[in-house]
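Okay, structure first, notes after.
The values are calculated or read from the model by the stated rules, or taken from the named source; none is laboratory data. As the structure is a computational prediction, the values presented were derived from the model and not from experiment. Virtual Cβ from ideal backbone geometry, glycine too; neighbours counted across all protein chains shown. Accessible surface areas use protein heavy atoms only, side chains included; no ligands, DNA or RNA. Shrake-Rupley method; radii C 1.70, N 1.55, O 1.52, S 1.80 Å.
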Amino acid sequence: MDLYQAIKERRSIRKFKNRPVAKDLLEKIFDIALWAPSGMNRQNWKFFVLAAERKEELVAIAAGSFAYLEPQLQERFADKPKIVEATRRFFKRLGGAPVVVCGYFEPANMEDVTSFQNVAAAIQNLLLVAYAEGLGNCWMTGPVTVEQEISRFLGVKDMTLVAVIPMGYPDETPKIPPRRQGRVVFEGFE
């Protein structure tokens, strides 16, 4: 798949087919995704990939994060209550995704912002490689509001949760939102 095409066409998927994802396909995807750049080549990311009962337990915990996000959603989409309700439904089951990935960074004797960027680069690779393999996903930061509960469930200590990523075969084709203009400033060019 063409990289330019993948970047432009990959969408956040919020509805998944009831079809399992093979572990060997996920291993293949992670083998490529983890070639991400990282500050001082620390590669201080850690991913937890959950399916079946473990995934269902995590979904129940992550669903609790909607309560923290709802006031912001109500304010931002005051004139679009259907968006708030659709988001509530998505958080309740994470779209029925057969796999959920939790991306963390481990302390690396460097600033948290650098460690965060390390795992973010790996997550972006993950999203694109999964898309190239026919999978959909959604990079979610909302569940970070219940990080303590998620980390306790996974037995994680001394790491920081960056994202929760539902993944599976898409059961929707979301519309492409328009790109905002004026987001790049060029200086010093003739």
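Order the peptides 165-174, 16-25 from the highest to the lowest mean number of other Cβ atoms within 10 Å of their residues.
165-174, 16-25
Would you calculate a helix-derived [θ] at 222 nm for the chain, using -39,500 (n - 2.57) for each DSSP H run of n ≥ 4 and dividing by the full residue count, to the nearest 500?
Working: 7 runs with 83 residues, N = 190.
Result for the chain, helices only: -13500 deg cm²/dmol.
Sorting TYR104, TYR4, TYR68 on solvent-accessible area from highest to lowest, probe radius 1.4 Å, gives TYR4, TYR68, TYR104. The residues VAL49, VAL119, sorted by heavy-atom accessible surface at 1.4 Å with ligands and nucleic acids left out, run VAL49, VAL119 from largest to smallest.
Both radii come from the Cα set of the chain: Rg as radius of gyration, Rh as Kirkwood radius; their ratio Rg/Rh reads 0.98. For ILE7 and GLU172, a Förster radius of 22 Å and the Cβ-Cβ distance give a FRET efficiency of 0.65, rounded to the nearest 0.05.
How much net charge surrounds ASP24 when only other residues with a Cβ under 14 Å from its Cβ are counted (Lys, Arg +1; Asp, Glu -1)?
Values: positive: LYS23, LYS28; negative: GLU27, ASP31, GLU133.
Net charge around ASP24: -1.
With unit charges on the beta carbon (Lys/Arg positive, Asp/Glu negative), name the residue among LEU154, LEU58, ASN118 whose Cα is farthest towards the positive pole of the charge dipole of the chain. Final value for the positive-end residue is LEU58.
Using a simple charge model, +1 on the beta-carbon of Lys and Arg, -1 on the beta-carbon of Asp and Glu, nothing else, what dipole does segment 136-180 show about its Cα centre, in debye to the nearest 20?
Numbers: 5 positive and 5 negative charges, 52 e Å.
For this selection, approximately 240 debye.
Measuring against 26 Å, Cα to Cα, the residue pairs LYS17/LYS55; LYS8/LYS92; LYS23/LYS175; LYS23/LYS82; LYS55/LYS175; LYS28/LYS175 contain LYS8/LYS92; LYS23/LYS175; LYS23/LYS82; LYS55/LYS175; LYS28/LYS175 as the ones spanning a longer distance.
In a reduced charge model with +1 at each Lys and Arg Cβ and -1 at each Asp and Glu Cβ, segment 73-165 shows a dipole moment near 540 debye about its Cα centre.
May I ask you to derive the FRET efficiency for ALA132 and ARG183 from their Cβ-Cβ distance with R0 = 25 Å, giving the value to the nearest 0.05?
On the way: r = 26 Å, r/R0 = 1.03.
Computed FRET efficiency for ALA132 and ARG183: 0.45.
Compute the Kirkwood hydrodynamic radius of segment 62-169, taking the inverse of the mean of 1/r over all pairs of distinct Cα atoms, and give it in Å to one decimal.
Details: mean 1/r = 0.0665 Å⁻¹.
After inverting the mean inverse Cα-Cα distance, the result is 15.0 Å.
Quick check: the distance between the Cα centres of segment 1-23 and segment 55-88, to the nearest angstrom? Here the answer is 22 Å between Cα centres.
Quick check for me: using +1 on Lys/Arg Cβ and -1 on Asp/Glu Cβ, what's the dipole size of the chain about its Cα centre, in debye to the nearest 20?
On the way: 26 positive and 23 negative charges, 149 e Å.
Rounded to the nearest 20 debye, it is 720 debye.
For the peptides 86-92, 139-145, the ranking by packing is 139-145, 86-92, with the highest mean count of neighbouring Cβ atoms within 10 Å listed first.
If one computes the Cα centroid of segment 30-45 and of segment 128-168, what distance in Å separates the two points? If you average the Cα positions of each part, the centres end up 16 Å apart.
May I ask you to rank GLU70, GLU187 by accessible area, largest first, using a 1.4 Å probe over the protein chains only? It would help to have the intermediate numbers written out before the result.
Numbers: GLU70 45, GLU187 150 Å².
So, going from the largest accessible area down, we get GLU187, GLU70.
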